[in-house]
Amino acid sequence: MHHYELIPTVCFNCEAACGLLAYIDKETGQVKKLEGHPLHPGSRGRNCAKGPATVSQLTNPERILYPLKRVGKRGDGQWSRVSWEEALDDIAGRIRKSIIEGRKDEVVYHVGRPGEDEYTERVIRSWGIDGHSSHTNVCSSGGRAGYAFWMGMDRPSPDYTSAKFILMMSSHLESGHYFNPNAQRIIEAQQKGTKIAVIDTRLSNTASKADYWLSPYPGTETALLLAIANQLIQTDRFNHKFVRDWTNWAEFLADRQYLENLKARRFIESVPDGQTFEDFVTVLKQLYSHYTPEFAAEESGVSAKMLRQIADEIARAGEAFSSNIWRNAAAGHRGGWMITRAIMFLNVLMGAVGEEGSMIPNAWVKFVPARNSAPAPIREWNENHWPREYPLSYFEMSFMLPHILKKRGKRLEVYFTRVMNPVWTFPDGFSWIEMFQDEKRVGCHVTLSPVWSETAQFSDYILPMGLATERHDLHSYETHAAQWIGFRQPVLRVAKARRGDAITDSRDANPGEVWEENEFWIELSWRIDPDGKLGIRQHFESPYRPGEKITIDEYYQWIFENAVPGLPEAAALEGMTPMEYMRRYAAFEITKDVFAVHKRELDKDLLQHAEIRPQPYSSSDGTATTSSVTNAAVWVDKLPHQANHAPQPGPFKNEKGQLRAGIIVDGRAVKGFPTPSGRLEFFSTTLRDWGWPEYAIPIYPRNDRERDEMVHIVSQVHHKTIDVNKGEYMLLPTFRLPTLIHSRTNGAKWLHETAHTNPVWINPVDAKRLGVKTGDEVRIATEIGSLVDKVWVTEGIKPGVIACSHHLGRWRLHETTGSDRWNSSLVKMDDGGDGNWKIGRVHGPQPWKSSDPDTSRVWWTDGGVHQNIIFPVQPDPISGMMCWHQRVTVERVVGGSRYGEIQVDTKQSYHAFERWLELTRPAPGPGGLYRPYWMLRVLKPHPDAYVVPESKPGMLDRAE
């Protein structure tokens, strides 16, 4: 019989942040198992395999338990154990010197998924550096940018529970963002009769559960979505009142020059004399009449009949129509963001935005509390992350960092990687290896990680950080129709504290000397600014003990006592302090009042001090225009205080410097949307004014000539440019297995036992042409390199398209270090000189002796093949998204096994980078700025930092 103490925390093996209950054996003090937390508002006690598998990561014999410092060259695999003191002093000294000497662009924190809101951004802001980098431009920028051009906010939070029809361009029943909380609600809706359609070239598990599966040629999704929109428009089955009240149609009609341009391009027949809503509907019908179901069927390969059926389902659902895209096609293609524009167009037409059963803007269901101090906005702009060539890039151009540093002649002094494995996750990994091996380019590389990774092999320090049950994080995710916060906490630390044990920091409860980032950042910041003269230390002082170092308990105590509405009252009802309440429940639901925020009337007190005046329209040439429709807005000198600090687009100012608090709709002063017009932007004046006018409305080329003219929104693997006779195929690499996610599932032995191969999906038609069967080897070649993988013949992929999962193909350079032995292959890496790299497989996973008897029971010998490393960088010139789909050639391997063999030429990688760079239209934009000030941006700098300095050249201005 076991006696357990139950302590709640939150999973960290994906971004859904599902609740976990740790079962701690009262006799041994060990975490024996993890199960679902029934009181967690998002996951409701249900978990996928990744959550309970965390317990196997805790006892993983491959864990890094002590700080390590490189001995010898980067990548040689030689390490010595060092103290935290030595590592902290070295790193802090380097950062302090960089700040004092004005080299602020040489300090970078590169994070994949932080697992928390605001904490590290606040740290970096306190240092005064523009040093945050992320993985988002290899993940979701295509989706985010498309939504932002519509509504300012950058992603949807579908209310699946109440939807009458669901259209997904994702695999949210098996993976995807917030998939477990989403999957629960999707299935519940389906059980109540809701129909589901999935658009995915590949037959995913999600598609197999759908009522409709649409399998288009990759990159043609915009065509079929606009055909569905056209069906709704031509038959007047759209919500006229919503479109009239809540879109910027009047601004579109006011730009007569733009309309004339559409006429010249033969998208519309005539420019209307009037500017009424009826005139707009007439233009709308002309504009989209070209996108017939038959046109879309020929372009996409999806039948016209099915497209009409989907339009009928959407029309029947009305406002209760829910849709979603996250990665999928938006992450695969040049112009992927336009696919997002097109799918949201369907929601806008139906008025299915912010209503029950519809698509809710994410900021309405997210809550970020204030902190006890707020560092001033930074006054730096770092072109290593935000180069002027990509002014509308939705996040940092992180996946191109080696090429950007080379092109700009820059270096880094301190480079942190955390939940980030660029050598393996990003495209063109050998260029990253070359960057890391050059100590003149990167002075000190610090990996913050619980486990080994391909990137960690090229570090100077590896500092052990806690797993989900060993760290603190506070977060709020957009899982369903409610605002809530989750509190990840180190469960053994909590248990020890309950018993009265003295706890200085999380190292006192974690194995070895494993720490947690939040305490690490506090200590590092004090060492960077020991006397407080840099203005950094003040943000890491206790709000309860002035001048003394803040503890992690005090940090969260202040938030829970002062910044979470309703939490102190809920705690008091149970006779607890707010901190005790969160320690007990690890989650708190703030409100379910998240619908129709745009319709909420402004406070009467605010209106007493406000000025109501129109927002001016402008034409394509920048001159003012007039409209018969009043575009009145509510202007104030100061916006009202908000408890929710979730990032919001804006602020929006008029010529008098006043701030927009809302807009006037049907005579009522309401909140509206955080866009330049205050409405949903069918017509994006941002795209128009920042050099991309031809793409300012949802649009798609109709013929070969327009594909040439509109190359920026045409997929780099458009099927009409693929020559099958030359062995060319489209490679779809943007899916993963449900139980694995990037590097976070390293060490989860149960997960790797169940999933450890990533064969190439090939349709039987193509298999016959290539002369291959399941299990045969094929060589897949991109423009920069090749790999050898095994074949899986399946009708789950379209002819002419092949597919391969990422999240597999882990490798290590040394037998006992470099990557997790549960799932990685030992490889030999050769630099043949002049950028010619090779990887050869020595052996796959195999048994080994350790403290865990299961290591001797490893029965699988295949760890998959690393595919991303043979991909060139392919940045979308507008959103900045890595366009993942690849044009490849495929040939059968004969004459023996070459499985896992990889070859890459990094000279060709750099040429590819330069070629895609030529597609950009660089800043400065209006006002001489790097970027539109209203758009969301991590570490949003002071407005002065947005001005592009005339004295500094851009990348396109530089000679090699």
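Since every read-out is calculated from the coordinates, none of them should be taken as a lab result. Treat the numbers as computed from the prediction; the structure is a model and nothing was measured. FYI the Cβ positions are ideal-geometry reconstructions off the backbone, even for glycines, and counts take in every protein chain you see.
What to note about this one:
- Among 55, 198, the ranking by other beta carbons within 10 Å of each residue's beta carbon, starting with the fewest, stands as 55, 198.
- Here Rg and Dmax of the Cα atoms in Å was calculated from the structure, and among [x] 49.5, 139; [y] 27.3, 83; [z] 44.9, 151 it sits at label [y].
- Straightening the chain between residue 236 and residue 542 buys 104.1 nm, computed as 0.36 nm per residue apart minus the Cα-Cα spacing.
- 3J(HN,Hα) along the stretch 671-677, derived from phi through the Karplus expression 6.51 cos²θ - 1.76 cosθ + 1.60 where θ = phi - 60°, amounts to 5, x, 10, x, 10, x, 8 Hz, with x in place of Gly and Pro.
- Charge tally in the Cβ shell below 13 Å around residue 470, where Lys, Arg are +1 and Asp, Glu are -1, residue 470 excluded: -1
- Using a cutoff of 8 angstrom between alpha carbon atoms and counting only pairs six or more residues apart, the relative contact order for the stretch 597-688 works out to 31 percent.
- For residue 893, the residues 5 or more places off, or on other chains, whose built amide H falls under 5 Å of its own are 777, 778, 779.
- If you take all other residues with their beta carbon under 10 Å from the beta carbon of residue 712, and give Lys and Arg +1 and Asp and Glu -1, the sum is -1.
- Ordering of 511-521, 664-674 by packing is 511-521, 664-674, highest average first (other Cβ atoms within 10 Å, averaged per residue).
- The alpha carbon gyration tensor of the stretch 722-847 gives principal lengths a ≥ b ≥ c with a/c of 1.5 or higher and a/b no greater than b/c, which makes the shape oblate.
- Using R0 = 41 Å, the C-beta based FRET efficiency linking residue 531 and residue 290 works out to 0.05.
- On the beta carbon distance between residue 619 and residue 942, with R0 = 35 Å, the FRET formula returns roughly 0.65.
- Mean separation of Cα pairs under 8 Å and 6 or more residues apart, divided by the residue count, gives the chain a relative contact order of 18 percent.
- Spacing of the two label points (7 Å from each Cα toward its C-beta) at residue 81 and residue 723, in nm: 6.1
- Based on C-alpha pairs under 8 angstrom that are at least 6 apart in sequence, the stretch 722-917 has a relative contact order of 29 percent.
- Summary of packing: across the peptides 293-301, 718-726, the per-residue average of other C-beta atoms within 10 Å ranks them, highest first, as 293-301, 718-726.
- Taking the inverse of the mean 1/r over every pair of distinct Cα atoms in the stretch 1-52 gives a Kirkwood hydrodynamic radius of 11.1 Å.
- Sum of side-chain charges, residue 631 neighbourhood, beta-carbon under 11 Å (Lys, Arg +1; Asp, Glu -1): +1
- With neighbour counts taken as other beta-carbon atoms within 10 Å, the residues 742, 645 rank, fewest first, as 645, 742.
- Residue-wise HN-Hα coupling along the stretch 368-385, computed from phi with Karplus coefficients 6.51, -1.76, 1.60 (Hz; x: Gly, Pro): 10, x, 5, 10, 6, 8, 10, x, 5, x, 5, 10, 10, 10, 9, 6, 5, 10
- Span from the the stretch 407-485 Cα centroid across to the the stretch 71-98 one, whole angstrom: 15
- Gained length - residue 654 relative to residue 608, 0.36 nm times residue gap less alpha-carbon distance: 14.7 nm
- The Cα center of the stretch 336-368 and the Cα center of the stretch 140-186 differ in position by 8 Å.
- The stretch 614-655 and the stretch 769-839 have their alpha-carbon centroids 51 Å apart.
- Cut-off under 5 Å, modelled amide H: who pairs with residue 360 long-range: 157, 159, 354
- Ordered by the count of other Cβ atoms within 10 Å of each Cβ, fewest first, 581, 415 give 581, 415.
- Three-way shape label, the stretch 853-944, alpha-carbon gyration tensor, a/c 1.5: oblate
- Among the listed pairs 604/656; 410/952; 726/768; 410/440; 69/533; 241/305, a Cα-Cα separation exceeding 20 Å is found for 604/656; 69/533; 241/305.
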